[in-house]
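The values are calculated or read from the model by the stated rules, or taken from the named source; none is laboratory data. These figures come from a predicted structure and were not determined experimentally. Methodologically, a virtual Cβ is constructed for each residue, glycine included, from the backbone with ideal geometry; neighbour enumeration extends over all protein chains shown.
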Amino acid sequence: MTETPEQVLRGVFGYESFRPGQEEVIEAVLSGADCIGVMPTGAGKSLTFQLPARILPGTVLVLSPLISLMKDQVDALRELGFRAAAINSSLPRVEWDERVESLLRGDYELVYLAPEALEGRLRERLRDAPISLMVVDEAHCISQWGHDFRPSYRRLRGLRDELGGIPVLALTATATRRVARDILRQLGMRKPAGFKGSFFRPNLVIGCRKKGEGNTRREILSLVRRHEGESGIIYCLSRRSVETTAAFLVDRGIRAVPYHAGLSDGERARAQESFARDEVDVVVATIAFGMGIDKSNVRFVIHRDMPTDVESWYQEMGRAGRDGLPSECVLFYSWADVKARERFLSEIEDSELRREKHQATVRLFRIADSATCRHRAIVAHFDETIEECRTSCDVCTGIPVTDLVESSPSTSASLPRSDARNRRSGRPHRSGGDPGRSPSDPLFQKLRILRKRLADEQGVPAYIVFSDRVLWEMIDARPPTLGRMLDVPGVGPAKLERYGEAFLEALREE
């Protein structure tokens, strides 16, 4: 007997209810309709195709540009008991062949594939695979009007018909109406169902700081020290600024690594692995770090330089707080950043596209330089209207970035970090659902250490075992038995069997 979506949600993923939009998209997918989901980072897009993969016959094919992420995503699925694999250029030839043969036999519930892999024989062989659903992740990459156009995505045109006219699910976190229309056209989607989630993420506290009004490098150091022991990303415009910023932080005792396209494949892989496994706290990166991060407990994102447009800013800072917990996002900006971006536009031959890209950078500068609610301005860019956020940006709270810097331990040693922020903002420093919760909580630290040990034993990143949010839920619930631990959101049967006893014992010792 086929399980219902609700039964799979509870029995496999360990959750009692869907997030906004998930159920609507899943119902469309299971009915055989094409569907486009425009859902912000952290909204749980992956569940909209992972859950149907347990119900649909055959294999769900997921096309994604993120080779660096595929292993983590497959590892996370296997932790939940799925038959899943990734097929990409990083595999030895023998293993690549074995996985393709397994796909053709229908051995997998999900297979991740990079668009680049659609060249040559594999595209023809896919026609013989029992594929029931084609998922295009990061679908905005197919549109030249999107902020991250990738020519390899144009290979997806016509693929659904070659696979027998199977349904298509297109997912993106950052599509304007123009880009969404282009996605539908490029993928040949027919009478698609659609869901557009809210782009307002109140757990992200946004601040903007004009460069030249202070020492940007020292202010970045202070912001990092506010988050001692927590994970964060610093984005820079150039490889040189990545290297100098990372070196500056390391010299001052911060566990930081650089990441950019000038590094070797091995160096980039080691940097990402160290960050994913909590062996370093900060990655300093160009956009080469791209979308290659699925880490749920990133607590801050700092832009040393302006991104190219609002979509890029939203997506990059959206890598903070994917678990829904409060996180800090700071943008350092200047008109010089706008002029610097113009140099990259000279390679664009289409004059209309070149002008549009320049105007997009100017629009971002104006948002940063204005005295209006940051969240309201961002969601307006995506055709959404909200009231002022009131509590989640520097404009609404009246707390400028300079106040955050001043309350850092590096500049105010007599005042604990959370107390300093509380005194200025009138709000507690929250790392969980209840006021007063801090990442330095002894039991939380104990569970983090246990999580890392278990993750290292399994050879996976710590967040794949349990997210920070699940750890806090355990602390809140203090389940007395293994059976009651299943009541903790995010603890399903597979993870309970593998990790439940260890976490239960740790909680009992308190």
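Remarks
- Thr41 in a helix (DSSP H, G or I) and of a type in the set (Val, Ile, Thr): no
- One residue stands out in region 473-495 among those that are in contact (Cβ under 8 Å) with a residue 60 or more places away in the chain and in a helix (DSSP H, G or I): the one that is nearest to Glu509 (Cα to Cα), namely Lys495.
- Contacts under 7 angstrom Cβ, first residue in region 104-130 being within 18 Å of Pro52 (Cα to Cα), partner surrounded by fewer than 21 Cβ atoms within 10 Å (Cβ to Cβ) and among the hydroxyl-bearing types (Ser, Thr, Tyr), 6 or more apart: Tyr108/Ser102
- One residue from Arg54, Arg78, Arg93 being surrounded by 18 or more Cβ atoms within 10 Å (Cβ to Cβ) and either basic (Lys, Arg) or under 23 Å from Arg498 (Cα atoms) (or both): Arg54
- Scope region 240-254; condition buried (at least 16 other Cβ atoms within 10 Å of the Cβ) and in a loop (DSSP other than H, G, I, E, B); matching residues: Ile254
- The sole residue among Leu163, Leu118, Leu122 that is within 22 Å of Ile26 (Cα to Cα) and in the same structural domain as Asp34 (by TED's automatic domain parsing) is Leu163.
- Considering only residues in region 92-117 that are more than 27 Å from the chain's Cα centre (by Cα) and outside any helix (DSSP H, G or I), the one that is nearest to Leu69 (Cα to Cα) turns out to be Pro92.
- Selected residue [surrounded by 19 or more Cβ atoms within 10 Å (Cβ to Cβ), part of a loop (DSSP other than H, G, I, E, B) and at pLDDT below 95] from Arg322, Arg341: Arg322
- Only listed residue being surrounded by 20 or more Cβ atoms within 10 Å (Cβ to Cβ) and either touching a strand residue (DSSP E or B) at 6+ places or on another chain (Cβ under 7 Å) or modelled with pLDDT under 90 (or both), chosen from Pro428, Pro461: Pro461
- Whichever residue in region 476-499 is among the small types (Gly, Ala, Ser) and either over 19 Å from Tyr463 (Cβ atoms) or modelled with pLDDT of 95 or more (or both) and, among such residues, is surrounded by the fewest Cβ atoms within 10 Å (Cβ to Cβ): Gly483
- Selected residue [under 21 Å from Ala320 (Cα atoms) and touching an Asp or Glu at 6+ places or on another chain (Cβ under 6 Å)] from Leu204, Leu249, Leu221, Leu171: Leu171
- Residue in region 356-368 that is in a loop (DSSP other than H, G, I, E, B) and either within 24 Å of Val38 (Cβ to Cβ) or not assigned by TED's automatic domain parsing to the domain that holds Lys45 (or both) present: no
For (1) part of a strand (DSSP E or B); (2) in contact with a helix residue (DSSP H, G or I) (Cβ under 9 Å, 6 or more places away or on another chain), each residue gets a yes or a no:
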site	(1), (2)
Pro258	yes, yes
Gly266	no, no
Ala269	no, yes
Gln272	no, yes
Phe300	yes, yes
